[in-house]
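Just so it is clear, none of the values below were taken in a lab; they were calculated from the coordinates. A quick note: this is a predicted structure, and the numbers were derived from the prediction, not measured. With ideal geometry, Cβ positions are generated from the backbone for all residues, glycine too; neighbour counts draw on all protein chains shown.
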Amino acid sequence: MNKIPILLVLLTLTINIHAQNDSLRKELKWSNSEFNAGVSLDPVVYYYGGYDVSFWLSYYYFKVRTNYSLKYPPEFVNDADFKNLSYKNIGLYLDYFPFTSSVRLNGIWFSLGGESSAGLVQNVYSEATGTFNNIFLTGSVGYLWFVYYNFYLNPFFAGHLRIWGDKNINVDNSNYQTQRFLPEISVRIGYQF
């Protein structure tokens, strides 16, 4: 007789806890959360033989993004005595979406971040290579819009300002001077999980 009220209390608590877990699961569902994550790549960089991939995590109007890339700038940015300029970068950025209207960040965004860069350049005459390391402060602006379900396009403009690192590199008796400012314009294709 004494066991029946105890069993009823335990049954009631179990049902109540199960119902709370279901509602908690619905609240924490990733796609409905204020937290979102995604990945993007830059097909323009792939076209030129490099790679560029970004992973990000967002919360309300802000997105923290990390980027890993190998970029080959066009030959016209090189000094006439040098060729095959390349940059291997790893960067961390904070993006801000001031006009977004939902948990899915979209529209105009602004970004500020930093990049660690390892560069390589080759002397045209002797084929000798020189290496250099730089730290860049990066600012960018772009526009993100969803084109199909969770897939999006993200055209952007970025400016990379060298704040520390190698300035002049001697490559087989020729002097290569690293650029103080590097502009970039491209488009990313991305997916939000």
Spelling out what I want: for every residue of region 166-177, take phi, set θ = phi - 60°, compute 6.51 cos²θ - 1.76 cosθ + 1.60 (Karplus), and round to whole Hz; glycine and proline get x. 6, 9, 10, 10, 8, 10, 6, 6, 10, 9, 9, 9
Evaluate the relative contact order of region 34-192 (contact order divided by residue number), counting alpha-carbon pairs under 8 angstrom at least 6 apart; express in whole percent. 19 percent
Low-density loop positions, chymotrypsin sites (Phe, Trp or Tyr not before Pro), region 66-101 - DSSP coil, at most 16 other Cβ in 10 Å: PHE99
Each residue of region 63-71 in turn: what ³J(HN,Hα) in whole Hz from Karplus with 6.51, -1.76, 1.60 and θ = phi - 60°, glycine and Pro shown as x? 9, 9, 10, 10, 9, 10, 8, 10, 10
Using the Karplus curve 6.51 cos²θ - 1.76 cosθ + 1.60 with θ = phi - 60°, what ³J(HN,Hα) values do you get for each residue of region 146-155, in whole Hz, with x for Gly and Pro? 7, 9, 7, 6, 9, 8, 9, 10, 9, x
